[in-house]
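Presented below is the structure to which this report refers.
The values are calculated or read from the model by the stated rules, or taken from the named source; none is laboratory data. In this text the structure is predicted, and so the values were computed from the model without any measurement. Every residue, glycine among them, receives a Cβ derived from its backbone with ideal geometry; neighbour counts consider all protein chains shown.
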Amino acid sequence: MGMVTVNDVDSRSYRAVEILLLLPTLLFGFLGLGLIIVGIGGENVGNGPVGLASIFGTFGIWYLGGIVVTLISWLVTPVVLYFDTKTLQDADVDWDPNPVLYAVAGFFLGYLMKLHHLYKRHQYVVDWVDRDWWWTVVAIGAVLPPVCLALGGVLVSSGSVGIGLVSIGVGILTAVPFSVAIYRDATYVRLQSGTWQPNPGNYVNLGVFFLIPGPIVYPIIGCYYLFRRHRAIGTL
């Protein structure tokens, strides 16, 4: 049998895997937001309630959020991988994954298994995206983060610490949606193109794997992707 669609393999666990995989990108956004708050505080950073709140918003929420996200992901990943692979195993799909094996591997290698699972799943089950504007978010994530971070670095080094931190925070925030956008747009292109069939799982893997150095790597990934997209469906 050839490829089937998500309508043929109905699985809420599949959506849960997507959410768990993309949660760290949202957490990264809190760091950017915290830096913006610190930057707005300017010379008052660390002084008084507002200053202390800005520092806690930058590091405290980010740190605590990381612990919560890690714990939830560690406990839930084996469960959702088990049920999604069980659904795939029971469906008429050419891929026959072992649910128990995926659950055990998900417990010990949670994030890597989610990356692998989405990539592998998209090889056999086609998802649906009917919006064609996700590429604009990809373009923003490829251009604004390096510009804002470079500008922020220059401003901080020249003594304008407050506005420099705001610029760095904006650079981080604009990088956050990149992984979601390129994942969704690759799904759309896959449906529309007869010449290029990008695996959305491959692109979301690149997005989340290179999240921290995103401002450096995203321009490369984004430009390559947008070039291939333009050649495949001719619209940008």
Considering residues of segment 150-204 that are among the hydrophobic types (A, V, I, L, M, F, W, C) and farther than 21 Å from ALA139 by Cβ only, the residue modelled with the highest pLDDT: VAL154
Being within 24 Å of PRO24 (Cα to Cα), touching a helix residue (DSSP H, G or I) at 6+ places or on another chain (Cβ under 6 Å) and not in a helix (DSSP H, G or I) is true for just one of VAL129, VAL204, VAL138. Which residue is that? VAL129
What pairs can you find where one residue is in segment 21-34 and in contact (Cβ under 8 Å) with a residue 60 or more places away in the chain, the other is assigned to a helix (DSSP H, G or I) and of a type in the set (Ser, Thr, Tyr), and their Cβ atoms are less than 7 Å apart, with a gap of 6+ or different chains? LEU22/SER179; THR25/SER179; LEU31/THR58; GLY34/THR58
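What about VAL104, is it in a helix (DSSP H, G or I) and either among the basic types (Lys, Arg) or under 20 Å from the mean Cα position of the chain (by Cα) (or both)? Spell out how you get there, then give the answer.
Details: in a helix (DSSP H, G or I): yes; either among the basic types (Lys, Arg) or under 20 Å from the mean Cα position of the chain (by Cα) (or both): no.
Answer is no for this residue.
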Could you give every pair whose Cβ atoms fall below 9 Å, whose first residue belongs to segment 211-224 and is in contact (Cβ under 8 Å) with a residue 60 or more places away in the chain, and whose second residue is in a loop (DSSP other than H, G, I, E, B) and of a type in the set (Val, Ile, Thr), counting only separations of at least 6 or pairs across chains? LEU211/VAL176; GLY214/VAL176
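Matching residues to (1) surrounded by 22 or more Cβ atoms within 10 Å (Cβ to Cβ); (2) part of a helix (DSSP H, G or I); (3) under 23 Å from the mean Cα position of the chain (by Cα); (4) on the phi < 0 side of the Ramachandran plot:
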| position | (1), (2), (3), (4) |
| --- | --- |
| LEU155 | no, yes, no, yes |
| GLY162 | no, yes, no, yes |
| SER167 | yes, yes, yes, yes |
| LEU173 | no, yes, yes, yes |
| ILE182 | yes, yes, yes, yes |
| ALA186 | yes, yes, yes, yes |
| LEU191 | no, yes, yes, yes |
Sole residue being modelled with pLDDT of 90 or more, under 21 Å from THR187 (Cα atoms) and touching a helix residue (DSSP H, G or I) at 6+ places or on another chain (Cβ under 6 Å), chosen from LEU115, LEU23, LEU88: LEU115
Members of segment 76-123 that are free of Cβ contacts under 8 Å to residues at least 40 places away in the same chain, within 21 Å of THR25 (Cα to Cα) and of a type in the set (A, V, I, L, M): LEU109, LEU112, MET113
Where a residue in segment 129-154 is of a type in the set (A, V, I, L, M, F, W, C) and its partner, wherever it lies, is surrounded by fewer than 18 Cβ atoms within 10 Å (Cβ to Cβ) and not in a helix (DSSP H, G or I), with Cβ under 7 Å and at least six apart: TRP135/LEU236
Does GLY41 qualify as being crowded, with 18+ Cβ neighbours inside 10 Å, at pLDDT below 70 and more than 25 Å from the chain's Cα centre (by Cα)? yes
